[in-house]
Structure formats: structure tokens, C-alpha cells
1. Rounded to two decimals, what is the ratio between the C-alpha radius of gyration of the chain and 2.2 N^0.38 Å?
2. What number in nm² do you get for segment 176-225 if you take the convex hull of its Cα atoms and divide its surface by four?
3. What does the highest-first list of 43-49, 122-128 look like by mean Cβ count within 10 Å?
4. Rg and Dmax of segment 14-164, using alpha carbons, in Å: what are they?
5. If you build a Gaussian network model of the chain, linking Cα atoms that sit under 10 Å apart, which residue out of 102, 184, 114 swings the most?
6. Before anything else, pin down the relative contact order of the chain: Cα pairs under 8 Å, at least 6 apart, normalised by residue count, whole percent.
7. Which FRET efficiency value, to the nearest 0.05, do you get for residue 227 and residue 48 by plugging their Cβ-Cβ distance into 1/(1 + (r/R0)^6) with R0 = 25 Å?
8. Once fully extended, how much extra length lies between residue 176 and residue 242, figured as 0.36 nm per residue of separation less the alpha-carbon to alpha-carbon distance?
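What follows draws every value from the coordinates through simple rules; no lab data is involved. A quick note: this is a predicted structure, and the numbers were derived from the prediction, not measured. Counting neighbours? That spans all protein chains shown, and the Cβs are built from the backbone with ideal geometry, glycine included.
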Ligand code: HEC
Ligand code: HEC
């Protein structure tokens, strides 16, 4: 049902003209937008919009939402291939109310500048072998490994505080599609990796060599999700406080458009 709704709303949007959208600006609209925002968006973007698991929305220039039309589109459709979901459960009017509230967040100066030096952070990234597990895209060139997420645009996705935690306590900040899992099939085959997809009947596990395994749940003997474990080592004891600042500054600077 949820999928069907999503599909219907995608089709409806495709035919839409987002360019002529005007955001409502009455106090009642903003109050409604705030309520919807607190219900649906705070979990990832924070109550004041300064981000976390999701992008920092308190900036004046939103990369994916330069115009109000783009903002409505991003909220309504989501950003495919990322954790940013579609607000398929909201009406167009509600989406414009949330969008108006998001624009009002930009007036709050709470983004905070990041201490640290991105150039030094880049050298640390190379020295600590981050690229063994992480891909970076520079122009058309992809370099690095595949065990961890692609970091090319991580500076657009997460705020500095969240990135810092990712380095110190990787298991506390697992992205939704990087939850480690171990499954054993009824035939006795065991597969370890991360869960990239799950629905009522099926599961997709990507093993650490990068192979995808599509599995029917009815064929499984056991599946253990380990949301408190990460294959990434913590860097708390490997980096000084200043080095951590530099590395975070470098990660924040990674804003390759997808
Ligand atoms: C499950 C987490 C999650 C939820 C819930 C969520 N978002 Fe997001 N959002 C993200 C992530 C992650 C990104 C960054 C996507 C990317 O660019 O890779 C994002 C990006 C955005 C952007 C684009 C930011 C930019 O710099 O251009 C906007 C605007 C946005 N979200 C608004 C919202 C609103 C409004 C809601 C609630 C209706 C919402 N989001 C709910 C995770 C989330
Ligand atoms: C052994 C492989 C490995 C190494 C080495 C490694 N990582 Fe990771 N990293 C991962 C995996 C797997 C994840 C996803 C699970 C998690 O978040 O803990 C991850 C997650 C992350 C995230 C969070 C991404 C997101 O979408 O929120 C960041 C940021 C990150 N790593 C940066 C680094 C940096 C910087 C280094 C080097 C200092 C590094 N990693 C070294 C495997 C690795």
C-alpha cells in the first residue's frame, strides 16, 4: 500500500510544475509547518534544523533547494538513493507549509563554523587509510574501497557534530543501510555483511566483498541484526583533538554533487 502511494505520488509529481510554487507566509501556515516538521523531520534534521543524521537546513543556501520549487520537490519526492525520504503522506499544501517553515530556519544563525583545517584533514585521511574502505568521487574518477559508504558528498548529508561522532563511535551512528547482519539459510549457508534492503518477504545482504545476496525470508534459518557493531574502527585514541577537528573539517568540505 505504501509503495503504491509512493508510486502514485511520484507519477503525480512528474507532471507537476514546481517552478510556479509560492510558499504560504501567514503565521498559521508557519505554525502548521512547524508542527509537521517536528513530527516528520526532527529525527534527522534536528529541532532547530542544524542537522545531524540529515543535512543542515539552517543554512541560507541549500544545495538541492535553491528555489522554493526545488525545496517543495525535495520534500515531496525525497532524494532518491539517500536516506532523505519522500513526504508521500503529506498533501501539497502541507508540503508547502513545511517548506515555508524550513526557509524560516535559515534566519536562525546556528550553523556554527567548523574549527580545523581541511587540507591537513585530507592528509590525515590518506595517512589513516580511510580510502581502503571509502570511495571518493573527484570529477569522473572514483577511488577507494567499498566496505564503507561513499563519502563524496558526505558534507551535504551530515552535520559536523554527527561526522565527529561517526569517527569516535562508529557503531552509534550507523547509516540506515549499513546495519551489520548475519544470516544463515535453511540450507546451512552463512552470509555476513550489511542489510541494504528489507521488506515483508525478502532481504538483500551485501557481503563485505561487495556481492549482493537477495534472500527470501522463508528460506532463512536465522538473521541477526547487530545495530551496535560497526566494521569501522573508532578513531578516538588514534587522533588528537586537533587532528579530529582537521578530519571533520575535511569531511564537511566533501560536497561533490551526486
Ligand atoms: C531518515 C532521515 C531523514 C528524514 C526523516 C528527513 N530527511 Fe531531509 N535529508 C536527509 C538526508 C540524509 C539528506 C541529504 C541527502 C543528500 O543530499 O545526500 C536530506 C536532505 C534534505 C534537504 C536538502 C538539503 C540541501 O542542502 O539541499 C531538505 C530541504 C530536506 N532534507 C528537508 C526535509 C524535510 C522538510 C523533512 C521532513 C518532511 C525531511 N527532510 C526528513 C535525511 C532525512
Ligand atoms: C575497515 C573499513 C573502514 C575504515 C578503515 C574506515 N571506515 Fe569509515 N566506515 C566504514 C563502514 C563499514 C561504515 C558504515 C558503518 C558505520 O557508520 O559505522 C563507515 C562509516 C563512516 C562514516 C559515516 C558515513 C555516513 O554516511 O554517515 C564516516 C564519516 C567515515 N566512515 C569516515 C571515515 C574516515 C575519515 C576514516 C579514516 C580515518 C574511516 N572512515 C575509516 C568502514 C571503514
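1. 1.11
2. 3.0
3. 43-49, 122-128
4. In Å, with Rg to one decimal and Dmax whole: 17.4, 53.
5. Of the options given, 184 has the highest mean-square fluctuation.
6. Normalised by residue count, the contact order of the chain is 20 percent.
7. Efficiency at R0 = 25 Å is approximately 0.40.
8. 20.8 nm
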